[in-house]
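Chemist: Below you will find the structure I want to go over with you.
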Amino acid sequence: MTARVLLANAVFGLLLGFSLSHIGFGDFGEVHRMFTFADLRLVLTFGGAVALCAAGFAVLSRRWWFIPRPAQTASAVGGLVFGLGWALSGACPGIVLVQLGEGRMLAGLTLGGIFAGTWLFGVAQRRFGIGTVERC
Amino acid sequence: MNLEVLNGRWPFWLGALALAVTAVGYAAVLGRLLGVSGMYERLVHARAELAVDREERAFRDRATLGEALRRETLAEMERQGIQVPPEELAAPVTTAQAGPAIAPRVPLWGQLVFLVMMFAGGALAKALAGGLTFQSQPDPAHLQLFGKAAPLALLFGGVLVGFGTRMAGGCTSGHGLSGCGRLQPGSLLATACFFGSGVALSMVLARVLA
């Protein structure tokens, strides 16, 4: 059981890192061209992935219970803040690790920022009660 | 197998397939949704999680939980002197009634392995493509856009990414793939928002700075 969990996390982590690198998500120029619609390849990649996920999860949801994600104000506000950060740094929480693996040393700044932002939100959440109810 | 796969950029369909296999495969094997920003949050709040974990362990099996509730309900009815229990309480709770199973949470160290292997995946891709080199300069496109402020943009952008993903309760993987793939309203909303604000700011940056 434990070995299976370890193996699954190792295999899927490697697969995701390897794939994101070859898709080009670690490259700021590619991400910037995606956001400015100068190149539609990444847009199609992501859209295609969502469509395939929809097919997969339609089957999977019969076997496992998955957490529901109702629309909340924090989903929108948090999403907006995240998008600004992604446009500035070229990274999302997964991509920054791929960038570091690719030898982009300055991604260490982004990673530090993400950990700081995650911690900051925890403080803000305790003080002001913001954030979504269901989380993953 | 075409070796081009190991060298250049992938066509959109191969990238889409790889991302979907990762998100759906992860959920199929572990029964838990893939969500990278959640892994960060768990690492940052590791101590609190370990304490809560001990209490949750008892109620992971929904049939066990349902049966415990049924017995409690029957006991309470007896205390209140209600003679005939409703029909639905007569038989023990079955798995079919309880619904699909809730898989145990992936342990913290498992998530740490995932993050480290993502890093390894990036390194492996670069190494197999013919050269893992260390770059201490910002990405050329990033440098062109931000100039001397590039490191600041990375750091401040990172803070926004960390804060925003946790406020929204997910990022590109948790909302974008695992949530949109299940057509969850909150995930569709969050994904539209982060993609929308990314587009808006990038368009402005491209106009103003380039």
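Chemist: Among A:A124, A:W65, B:P100, whose Cα projects farthest towards the positive end of the dipole of the protein assembly as shown, with charges put on the beta-carbon of Lys, Arg (+1) and Asp, Glu (-1)?
Modeler: Farthest towards the positive pole: A:A124.
Chemist: Related question: Give me the dipole magnitude in Debye, nearest 20, for chain A about the Cα centre, with unit charges on the beta carbon: positive for Lys and Arg, negative for Asp and Glu.
Modeler: Roughly 480 debye, rounded to the nearest 20.
Chemist: Treating the beta-carbon of each Lys and Arg as +1 and of each Asp and Glu as -1, no other charges, what is the dipole magnitude of the protein assembly as shown about its Cα centre, to the nearest 20 debye?
Modeler: Value, rounded to 20: 300 debye.
Chemist: Relative contact order for chain B: what percent, with Cα pairs under 8 Å and sequence separation of 6 or more? It would help to have the intermediate numbers written out before the result.
Modeler: On the way: 121 pairs, mean separation 65.8, N = 210.
Value for chain B: 31 percent.
Chemist: Semi-axes of the equivalent ellipsoid of the protein assembly as shown: what are they in whole Å, largest first, if each equals the square root of 5 times a C-alpha gyration tensor eigenvalue?
Modeler: 40, 22, 18
Chemist: What's the FRET efficiency of B:A90 with B:D61 using the Cβ-Cβ distance as r and R₀ = 22 Å, to the nearest 0.05?
Modeler: Working from the Cβ atoms, E equals 0.55.
Chemist: Need one value for A:39-51: mean number of C-beta atoms belonging to other chains within 10 Å of its residues' C-beta atoms.
Modeler: 6
Chemist: For peptide B:97-103, compute the average count of partner chain beta-carbon atoms within 10 Å of each residue's beta-carbon.
Modeler: For this peptide, the per-residue mean of nearby foreign Cβ atoms is 3.
Chemist: Search the structure for amide H atoms under 5 Å from the amide H of B:A101, placed 1.01 Å from N in the peptide plane, and list their residues when 5 or more places away or on another chain.
Modeler: Residues meeting the criterion, in which the H sits 1.01 Å from N, are A:W65.
Chemist: A further question on this structure: Through the Karplus equation 6.51 cos²θ - 1.76 cosθ + 1.60, θ set to phi - 60°, convert the phi angles of the stretch B:194-201 into ³J(HN,Hα) values in whole Hz; use x for Gly and Pro.
Modeler: 6, 6, x, 6, x, 5, 4, 5
Chemist: Given only helices, namely DSSP H runs of n ≥ 4 each adding -39500 (n - 2.57), what is the per-residue ellipticity at 222 nm of the protein assembly as shown, to the nearest 500 deg cm²/dmol?
Modeler: That calculation yields -22000 deg cm²/dmol at 222 nm.
Chemist: At a Förster radius of 51 Å, what calculated FRET efficiency corresponds to the Cβ-Cβ distance of B:Q97 and A:L44, to the nearest 0.05?
Modeler: Between B:Q97 and A:L44 the formula returns 0.75.
Chemist: I need two numbers for the stretch B:60-210: Rg to one decimal and Dmax as a whole number, Cα atoms only, in Å.
Modeler: 25.8, 79
Chemist: Further question on the same structure: Output wanted: per-residue J couplings in Hz (rounded whole) for the stretch B:96-106, from phi through Karplus 6.51 cos²θ - 1.76 cosθ + 1.60, θ = phi - 60°, x for Gly and Pro.
Modeler: 4, 5, 6, x, x, 6, 9, 6, x, 4, 5
Chemist: Can you pull the mean other chain C-beta count within 10 Å for peptide B:43-50? Numbers along the way, then the final one.
Modeler: Numbers: counts 2, 9, 3, 0, 0, 1, 0, 0.
Taking all residues of B:43-50 together, the mean is 2.
Chemist: Now for a separate question. How much length, in nm to one decimal, is gained on full extension between B:A48 and B:Q135, taken as 0.36 nm per residue of separation minus their Cα-Cα distance?
Modeler: 27.6 nm is the gain from fully extending B:A48 to B:Q135.
Chemist: Can you compute the radius of gyration and Dmax for chain A, using only the Cα atoms, both in Å?
Modeler: 16.9, 46
Read-outs throughout are calculated quantities, based only on the coordinates presented, and are distinct from any laboratory measurement. Since we're looking at a predicted model, the values are computed, not measured. All Cβ positions, glycine included, derive from the backbone under ideal geometry; neighbour counts span all protein chains shown.
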